[in-house]
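Encoded as structure tokens, the structure appears first; notes follow it.
The values are calculated or read from the model by the stated rules, or taken from the named source; none is laboratory data. The model shown is predicted, which means the values in this text are computed figures rather than measured ones. Cβ placement follows ideal geometry from the backbone for every residue including glycine, while neighbour counts extend to all protein chains displayed. Surface accessibility is based on the protein's heavy atoms, side chains included, excluding ligands, DNA and RNA. Shrake-Rupley method; radii C 1.70, N 1.55, O 1.52, S 1.80 Å.
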Amino acid sequence: MKKFIGLALTALMLVGLAACGGGNGNGDDNGGSNVAGNGNEGGNGGGTAVEARGTIVMGTNAEFEPFEFWSGGQIVGIDVAIARAIADELDKDLDIRDMDFTALLVALNRGEVDFVAAGMTINDERRESVDFSIPYFQAMQAIVVAADNNSVQSAADLQGIAVAAIAGYTGYNFSNDVLNLPNLRAYSSPAFAVAALQQGSVDAIVIDYTTARALVNANSDLQVVMDEDVFGSEYYGIAVRQGETDLLNSINLVLQRLLDSGELDEIIAYYRSYGEN
């Protein structure tokens, strides 16, 4: 199962941990976030560009409940709550840019956003182009199938059936590169993948466990299948442009404080049960 990552794993990250791969307790702290349009406010410089502005710009993909998703006309979630704490630390307003997951690191390196918080798995390939914060969440992939599907009990059962995954997500990369699924289909969002599953176009979805749980909570005709022996752990981090040392240090300071105080536990618990509230 997916679980909150503690201080010991944070220490491991600081000595070079590489992973596989893709509010407060009441949630009110997300209310002041602004959703910005496309543009280039982020600038191409380092910390100086951020310091000169009254805002800090977060890039995300608001299709990944409970980490970032639309609710009541605004983007909320675990990552948004963390981003607001970062903005507060820097005495900035928070602007949020919602875009395709595959465009996020491109936008970051073009200076269109200042950091990316999107349930993004830390891995070596991504580290070639960006720097990551300390890890703040331990994750694992899972399988979503129809509630009456008894034939898929493990990852091995995905061979020979139509499987959906989200382009750019760890679930897609793992299904393609590790499981070598012959009938893997890429979708642009979990919502489209769920629609394909419910319509019978695919037989299963491979996606992050916590998001899988959110999908099942919203769709009683679906169920989650786990295979912990095959799907290893991965770790989420916040991405910044390489060399943005001041910003990265500030982000790490906030993350460490949230980890140490237990506030991140509260944020995660709140947004995991958000749809039930």
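At a glance:
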quantity: Cleavage-rule hits (GluC sites (Glu not before Pro)) in the stretch 111-183: DSSP loop, at most 13 neighbouring Cβ within 10 angstrom; calculated: 128
quantity: Share antiparallel - DSSP beta bridges, the stretch 126-277, percent rounded to 5; calculated: 70
quantity: The stretch 231-260 residues near the modelled residue 51 label - backbone nitrogen below 12 Å, point 7 Å along Cα→Cβ; calculated: 245-247
quantity: In nm, spacing of pseudo-spin labels at residue 242 and residue 228 (7 Å Cα→C-beta vector); calculated: 3.8
quantity: Amide H within-cut-off set for residue 142, under 5 Å, with H built and near neighbours excluded; calculated: 207, 208, 209
quantity: With 5 Å bins from 0: P(r) over the stretch 155-277, alpha-carbon pairs, percent; calculated: 2, 9, 16, 18, 16, 14, 12, 8, 4, 1
quantity: Quotient of Cα Rg and 2.2 N^0.38 Å for the stretch 50-133, N being how many residues it contains; calculated: 1.05
quantity: Cα-projected label distance for residue 124 with residue 191, points at 7 Å along beta-carbon direction, nm; calculated: 3.7
quantity: Selected from 204, 186, 153, residue furthest toward positive end of dipole (the stretch 146-235; charges at beta carbon); calculated: 186
quantity: Dipole magnitude of the stretch 70-225 about its Cα centre (Cβ charges: Lys, Arg +1; Asp, Glu -1), debye to nearest 20; calculated: 320
quantity: Inter-label distance for residue 198 and residue 93, nm, one decimal - labels placed 7 Å from Cα along Cα-to-Cβ; calculated: 3.7
quantity: Surface accessible to a 1.4 Å probe, residue 250 within the full protein complex, Å²; calculated: 30
quantity: Highest average packing first - 94-100, 201-207, 213-219, Cβ atoms within 10 Å; calculated: 201-207, 94-100, 213-219
quantity: Theoretical FRET efficiency, 1/(1+(r/R0)^6), r = Cβ-Cβ of residue 183 and residue 220, R0 22 Å, to 0.05; calculated: 0.25
quantity: When the stretch 102-228 is reduced to its Cα atoms, the Kirkwood hydrodynamic radius in Å; calculated: 15.4
